[in-house]
Amino acid sequence: MERRHGAEENILNSARATSFMTPKSPIEALFRSETLRMAHDQPFARELINSGRLSKPCSLAGLPLQTDNASAHVRPGTAMVDAPVGDTWLVSLVQGAFTLVGFGGVHLPEVPGVRRIGIAQKSADYPCFGDIAGYALGRYGMGQAYLFRPDGHVAAVFSKPTSTGVAAARDRALGRETALSEVV
Amino acid sequence: MTKRTIHASGFSGRGDDVYAALLEAHDGLSETESHALNARLVLLMANRIGDAEAVRELLATARSYVD
């Protein structure tokens, strides 16, 4: 299902990029040329220039393997954003296994099979790393716990993570059926 | 040059959706009909903004790009 979604997003992006690059009516050409004109100094217009979005990771937000939380800084379903932590990078800490990462003052419960990592936390019974120049907390939000899939997508976001909630989100990410109601 | 203000993106990452919707609204219209649609849209958006000063500021910015 996620791969089908990825393919559909690629096709949609390609169709839209084609329509931006080769306008099919005078009005489309007009919108395009004025967008380009304003893009010289207007950031909002720069965002509208579409010469292809295929270099952006596709978003899986709203698909069933994610436990959605639309108010999260990095929404479930999107690929993680990197940040310097300690003497390494967040991406390298999260790879290859389900990982629960706590940013700032949030305690991480123990869940079998889920690695735990604290960022900008004083001390805990799991590895902790410093937040370099506030990048990680700025990108993920203070006091939030993120469950990352082994492929680096955000599976769920918690402000008060519990072991049952995290386990349910992990099971859901694995496609196991659980009686999941509100876990955030 | 009239006074121009600079605008950060307010699209929250949905800029492509907005742009596509805009072009879709014009789909199949003659050029005259498209200009009329744009005029209605500008009036609707001006009404949504409401504040005369804010509208004037956007008009000045749009006007500032006229060669």
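In the range B:16-27, the residues that are more than 7 Å from every other protein chain (Cβ to nearest Cβ) reach residues that are open to solvent by 30 Å² or more (accessible area, probe 1.4 Å) and of a type in the set (S, T, N, Q) with C-beta atoms within less than 9 angstrom, at least six apart or across chains, in these pairs: B:27/A:25.
Just one of the numbered conditions (1) under 13 Å from the mean Cα position of the chain (by Cα); (2) under 27 Å from residue B:67 (Cα atoms); (3) of a type in the set (D, E, K, R) is not true of residue B:3: (1).
Yes/no matrix, rows are residues, columns are (1) surrounded by 12 or more Cβ atoms within 10 Å (Cβ to Cβ); (2) at pLDDT 95 or above; (3) not in a loop (DSSP other than H, G, I, E, B):
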site	(1), (2), (3)
B:3	no, no, no
B:11	yes, no, no
B:19	yes, no, yes
B:33	yes, yes, yes
B:47	no, yes, yes
B:61	yes, yes, yes
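Looking at the range A:87-181, the strands (runs of 3 or more DSSP E) lying wholly inside it that each contain 2 or more residues that are open to solvent by less than 60 Å² (accessible area, probe 1.4 Å) and within 17 Å of residue A:76 (Cα to Cα) sit at A:99-103, A:144-148, A:154-158. Quick test of your reading of the structure: residue A:69 fulfils all but one of (1) under 12 Å from the mean Cα position of the chain (by Cα); (2) open to solvent by 30 Å² or more (accessible area, probe 1.4 Å); (3) modelled with pLDDT under 90. Name the failing condition by number. Just one mismatch for residue A:69, condition (2). Here residue B:52 passes the criteria (1) under 15 Å from the mean Cα position of the chain (by Cα); (2) away from chain A (no Cβ under 13 Å); (3) open to solvent by 50 Å² or more (accessible area, probe 1.4 Å) except the one numbered (1).
Just to be sure before I move on: is residue A:81 in contact with a helix residue (DSSP H, G or I) (Cβ under 6 Å, 6 or more places away or on another chain) and surrounded by 21 or more Cβ atoms within 10 Å (Cβ to Cβ) in the structure I sent? Considered against the rule, which asks whether it is in contact with a helix residue (DSSP H, G or I) (Cβ under 6 Å, 6 or more places away or on another chain) and surrounded by 21 or more Cβ atoms within 10 Å (Cβ to Cβ), residue A:81 comes out as no.
Here's a check for you: in the range A:38-48, which residue that is more than 7 Å from every other protein chain (Cβ to nearest Cβ) and in a helix (DSSP H, G or I) is most open to solvent (accessible area, probe 1.4 Å)?
It comes out as A:46.
If the condition is being more than 30 Å from residue B:6 (Cβ to Cβ) and touching a Pro at 6+ places or on another chain (Cβ under 8 Å), then the range A:1-49 contributes only A:1. None of A:96, A:62, A:77, A:52 is small (Gly, Ala, Ser), touching a Pro at 6+ places or on another chain (Cβ under 7 Å) and modelled with pLDDT under 90 except A:96. Among all positions in the range A:20-37, there is no residue which is at pLDDT below 85, over 22 Å from residue B:25 (Cβ atoms) and either more than 13 Å from every other protein chain (Cβ to nearest Cβ) or part of a loop (DSSP other than H, G, I, E, B) (or both).
The values are calculated or read from the model by the stated rules, or taken from the named source; none is laboratory data. Model, not experiment: these values are computed from the prediction. Glycine also receives a Cβ, built like all others from the backbone with ideal geometry; neighbour counts cover every protein chain displayed. Each accessible area value is taken on the protein alone, full model and side chains, heavy atoms only, with ligands, DNA and RNA left out. Shrake-Rupley method; radii C 1.70, N 1.55, O 1.52, S 1.80 Å.
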